[in-house]
Amino acid sequence: MRFGNANLFALCPPYHYICTMSIAKNTEALLASLPAGVTLVAVSKTHPAEAVIEAYGAGQRDFGENRPQEMAAKQAALFALPTPPDDIRWHQIGHLQTNKVRLIVPFVAMIHSVDSARLAAEISRRAVEAGRVIDVLLEIRIAREESKEGWVLDELLEWLDGGEWHSLTGVRFRGVMGVASFTDDESVVRAEFERLAAMYASLRERFFGVDFDTLSMGMSDDYHLALESGSNMVRIGSLIFGRRQ
């Protein structure tokens, strides 16, 4: 664990991540605590479809998954209910292989993890075949760990300057996503978020314009720092659903 979120829920002891409250109450409290204009993506990865339904009943509509197979299975299970929650917006937040794009293209609302020109092209191709335009975020590597996914900024700028992205009619570029370093040093995390926010503002002005409106950064451990740095979309799992199963 990194930073304490003791001020989020009054019933939670300091630095205790997993509240004893229900998923529904966790969801309600978190939604009420976020500033206006911030979208909460409830990260439901590894949790069952029943957990998604409980958060949905508390007013949550955006759900994030790491694995496209898991997302597709949950979407199918929920769609098969007598009264399906058909206004759920599914977000692919984990690394996405090109050969798995087909699994989620029919229904995914946003793909956060576009980290290569090849992936962007494949999403666009599949979306066009499905008669859709899919919102995507450019994942930029800001963390110190080499294991983190994402564009290196210079490579991203080279691709954007080349103009190839203009031909990708099946995607709509909505913003950027990043994951901060896993560290207890808040100054490191804050600096990484501030750097991503600056990149986002520059890309918006230089290439995309007003429709480039999403800065997705911040998770359960560090979302409060992300909000201070301008995030308008946070991806939170354990504070809603508890530890991964």
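Things to note:
- Any hit, region 31-47, residues being farther than 27 Å from D115 by Cβ and modelled with pLDDT under 95: no
- A single member of E194, E186, E164 is under 30 Å from I23 (Cβ atoms), of a type in the set (D, E), out of contact with any Cys (no Cβ under 6 Å at 6 or more places or on another chain) and touching a residue at least 12 places away in the same chain (Cβ under 8 Å), and it is E186.
- The one condition from (1) assigned to a helix (DSSP H, G or I); (2) buried (at least 20 other Cβ atoms within 10 Å of the Cβ) that A180 does not meet is (1).
- Residue selected from region 117-141 under the condition among the charged types (D, E, K, R) and in a strand (DSSP E or B), by the criterion surrounded by the fewest Cβ atoms within 10 Å (Cβ to Cβ): D135
- Subset of region 28-63 (residues that are farther than 19 Å from K74 by Cβ, within 15 Å of the chain's Cα centre (by Cα) and not hydrophobic (A, V, I, L, M, F, W, C)): T39
- Filtering region 142-174 to residues that are among the small types (G, A, S) and within 15 Å of R118 (Cβ to Cβ) leaves G150, G162, S167, G170.
- Close pairs (8 angstrom Cβ cut-off, 6 or more residues apart or separate chains): more than 13 Å from V108 (Cα to Cα) in region 66-92, part of a loop (DSSP other than H, G, I, E, B) and aliphatic (A, V, I, L, M) anywhere: L78/I88
- Of all the residues in region 202-230, those that are within 25 Å of E146 (Cβ to Cβ) and either in contact with a helix residue (DSSP H, G or I) (Cβ under 7 Å, 6 or more places away or on another chain) or not polar (S, T, N, Q) (or both) number 12.
- Only one of R172, R144, R190, R195 that is outside any helix (DSSP H, G or I), farther than 17 Å from Q92 by Cα, of a type outside the set (G, A, S) and within 20 Å of the chain's Cα centre (by Cα): R144
- Residue ID - nearest to G150 (Cα to Cα), chosen from residues in region 85-127 that are acidic (D, E) and more than 16 Å from the chain's Cα centre (by Cα): E122
- Selection from region 130-141 of residues that are in contact (Cβ under 8 Å) with a residue 12 or more places away in the chain and over 17 Å from the mean Cα position of the chain (by Cα): A130, R132, V133
- Output for region 59-116, where each listed residue is among the aromatic types (F, W, Y) and assigned to a loop (DSSP other than H, G, I, E, B): F107
- Looking across region 157-201, the residues that are in contact with a helix residue (DSSP H, G or I) (Cβ under 8 Å, 6 or more places away or on another chain) and hydrophobic (A, V, I, L, M, F, W, C) come down to W159, L160, W165, L168, V171, F173, V176, A180, V189, F193, M199.
- When A58, A117, A76 are checked against the criterion of being within 27 Å of K25 (Cβ to Cβ), of a type in the set (A, V, I, L, M) and either modelled with pLDDT of 95 or more or in contact with a Gly (Cβ under 9 Å, 6 or more places away or on another chain) (or both), a single residue qualifies: A58.
The values are calculated or read from the model by the stated rules, or taken from the named source; none is laboratory data. Source: prediction; values computed, not measured. In this analysis, Cβ positions are derived from the backbone assuming ideal geometry, glycine residues included, and neighbour counts consider all displayed protein chains.
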